[in-house]
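Q: One structure is given below, represented as structure tokens, and several questions about it will come after.
The values are calculated or read from the model by the stated rules, or taken from the named source; none is laboratory data. Model, not experiment: these values are computed from the prediction. Heads up, the Cβs are rebuilt from the backbone with ideal geometry, glycines too, and the neighbour counts pull from every protein chain shown.
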Amino acid sequence: MTSTVNNIYLNQMGVICALGNGAQEVRSGLFADSPGGVRKNNALIAGRSLYLGAVNTPLEDISELPIEHRSRNNALLLTALAQIRPQVDAAIAKYGRHRTAIVLGTSTSGIGEAEQAVAHLVLHGELAPSFHVGQQELGSAAIALAALLGICGPAMVISTACSSSAKAMASAARLLRTGQADAVISGGMDALCAFTVAGFSALESVSTERCNPLSANRNGINIGEGGALFLMTREPGPVRLAGWGESSDAHHISAPAPDGRGALSAMQQALQRADISPEQVDYVNLHGTATQQNDAMESLAVHELFGMRTATSSTKPLTGHTLGGAGALEAALCWLSLVDNDRGKLPPHWWDGHTDPALKPLKLVRPSDELGRPLDYVLSNSFAFGGSNASLILART
């Protein structure tokens, strides 16, 4: 195993998504006997009914933020932060403002606010007074959080589409390992907006039903919103970020390399960094978007490494695809699978059960499947446009 001085721990976790607000609600939805979270939505795009992973709970008040940082994305972020705020404040007091860093991932930032401002312009001839162009700054989340918490350490946002927040967590681990910080608030968040739905629709990648990963009948994703925040330190905690791997296909602007070499490389790097074998991984959280090309590529790569022996599932039928927040959100679902889970319940793979003979077979988790013991290691995949791949391995301590 790696030296204890290099161990990175996920000491606290705050999460919000379509399954709920906070660990308890999300855990309940994750291990439920029937799929929830994603629901039919007629409000986002006029005249179009879609299944979306919308957050319907009240969010934290952002009125005290400067106008350039008032966005739904930052409201989601502060809602996750509120769940772990006492522990974050304690860490800042312990390590100091200059030794605490922020590394986040996002891809939407304030796009939704811009959409509302343009709609106001069409009706009234001027932009909405609540709009500020700074709301669209991708760095807004880190800037707002650093100011709110009084942090003076490194503060940054990584935006690599759907791998953003997984890569943010890997970057946070590097800051801790190299001694550039003693505590890092890391994770990521994305908010629903019409722009992303329209963009994926243009790629013919949006399903009008609950998404159906790995099925012969799969026909696209459900867009969702939400994400997670972690307090990461070198001090022992309930979950350890044991390994991570990153790669780039450089194959196509929106399609993954069909041979899965980049995805396989990211997973292999994560295993090597964690110093474990594939046989030691109890569960794989698939990127599992339910698009034709992603599922084909990922099933090929995961089958080559894990075969049919390791439990796998996609949780996107529950949360929707939260884009830049997906890596952190799915790390949070893995965190919940590792903590206070004595029977080793596994996140179910919700689909129609129609196997695609063109895909490499995987051991898909059925509802109520469990190991009969606590999980030790889990791996989570995040794959993005441009072939930006990231894999995280989390371990129970």
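Q: Name the single residue, out of those in the stretch 124-178 being touching a helix residue (DSSP H, G or I) at 6+ places or on another chain (Cβ under 8 Å) and of a type in the set (Ser, Thr, Tyr), that is farthest from residue 254 (Cα to Cα).
A: 130
Q: Next up: Go through (1) at positive phi; (2) in contact (Cβ under 8 Å) with a residue 40 or more places away in the chain; (3) not polar (S, T, N, Q) one by one and return the number of the condition residue 346 breaks.
A: Result: residue 346 passes all but (1).
Q: Shifting gears a bit: Here are 344, 387, 372: which of them is modelled with pLDDT under 95, in contact with a Gly (Cβ under 8 Å, 6 or more places away or on another chain) and of a type outside the set (Lys, Arg)?
A: It is 387.
Q: Taking interchain pairs and intrachain pairs at least six residues apart, which have beta carbon atoms under 9 angstrom, with the first residue in the stretch 288-300 and closer than 16 Å to residue 350 by Cβ and the second surrounded by fewer than 22 Cβ atoms within 10 Å (Cβ to Cβ) and among the hydrophobic types (A, V, I, L, M, F, W, C)?
A: 295/359
Q: Taking the condition of being of a type outside the set (Phe, Trp, Tyr) and more than 19 Å from residue 278 (Cα to Cα), how many residues in the stretch 371-397 meet it?
A: Matching residues across the stretch 371-397 total 5.
Q: Scan the stretch 223-279 for residues that are at pLDDT below 95 and either of a type in the set (A, V, I, L, M, F, W, C) or under 24 Å from residue 181 (Cβ atoms) (or both) and report the count.
A: 4
Q: Against the conditions (1) free of Cβ contacts under 8 Å to residues at least 24 places away in the same chain; (2) assigned to a helix (DSSP H, G or I); (3) not aliphatic (A, V, I, L, M), where does residue 79 fall short? Just the number, please.
A: (1)
Q: Within the stretch 15-33, count every residue that is touching a residue at least 40 places away in the same chain (Cβ under 8 Å) and outside any helix (DSSP H, G or I).
A: 9
Q: With the requirement that a residue be surrounded by fewer than 16 Cβ atoms within 10 Å (Cβ to Cβ) and either without any contact (Cβ under 8 Å) to a residue 60 or more places away in the chain or closer than 30 Å to residue 148 by Cα (or both), what does the stretch 35-46 give you?
A: Hits for the stretch 35-46 are 39, 40, 42, 43, 46.
Q: OK, next. Quick one: is residue 97 in contact with a Cys (Cβ under 6 Å, 6 or more places away or on another chain) and either under 25 Å from residue 174 (Cβ atoms) or without any contact (Cβ under 8 Å) to a residue 12 or more places away in the chain (or both)?
A: yes
Q: Being within 30 Å of residue 204 (Cβ to Cβ), modelled with pLDDT of 95 or more, surrounded by fewer than 23 Cβ atoms within 10 Å (Cβ to Cβ) and more than 20 Å from the chain's Cα centre (by Cα) is the requirement here; does residue 356 meet it?
A: yes
Q: Could you list, ordered by first residue, the pairs with Cβ atoms under 7 Å in which the first is in the stretch 47-69 and more than 16 Å from residue 320 (Cβ to Cβ) and free of Cβ contacts under 8 Å to residues at least 40 places away in the same chain and the second is buried (at least 20 other Cβ atoms within 10 Å of the Cβ) and acidic (Asp, Glu), at least 6 apart or interchain?
A: If the second residue must be buried (at least 20 other Cβ atoms within 10 Å of the Cβ) and acidic (Asp, Glu), no pairs are left.
Q: Name the pairs whose Cβ atoms lie under 7 Å apart, with the first residue in the stretch 118-132 and under 22 Å from residue 65 (Cβ atoms), the second among the acidic types (Asp, Glu), and 6 or more positions between them or separate chains?
A: 131/113; 132/68
Q: Name the pairs whose Cβ atoms lie under 6 Å apart, with the first residue in the stretch 247-272 and within 17 Å of residue 296 (Cβ to Cβ), the second in a helix (DSSP H, G or I) and of a type in the set (Phe, Trp, Tyr), and 6 or more positions between them or separate chains?
A: Close Cβ pairs (under 6 Å, with a partner that is in a helix (DSSP H, G or I) and of a type in the set (Phe, Trp, Tyr)) amount to 254/385.
Q: Could you pull out the residue among 332, 384 that is under 14 Å from the mean Cα position of the chain (by Cα) and either closer than 16 Å to residue 297 by Cα or not aliphatic (A, V, I, L, M) (or both)?
A: Only one candidate passes the filter, namely 384.
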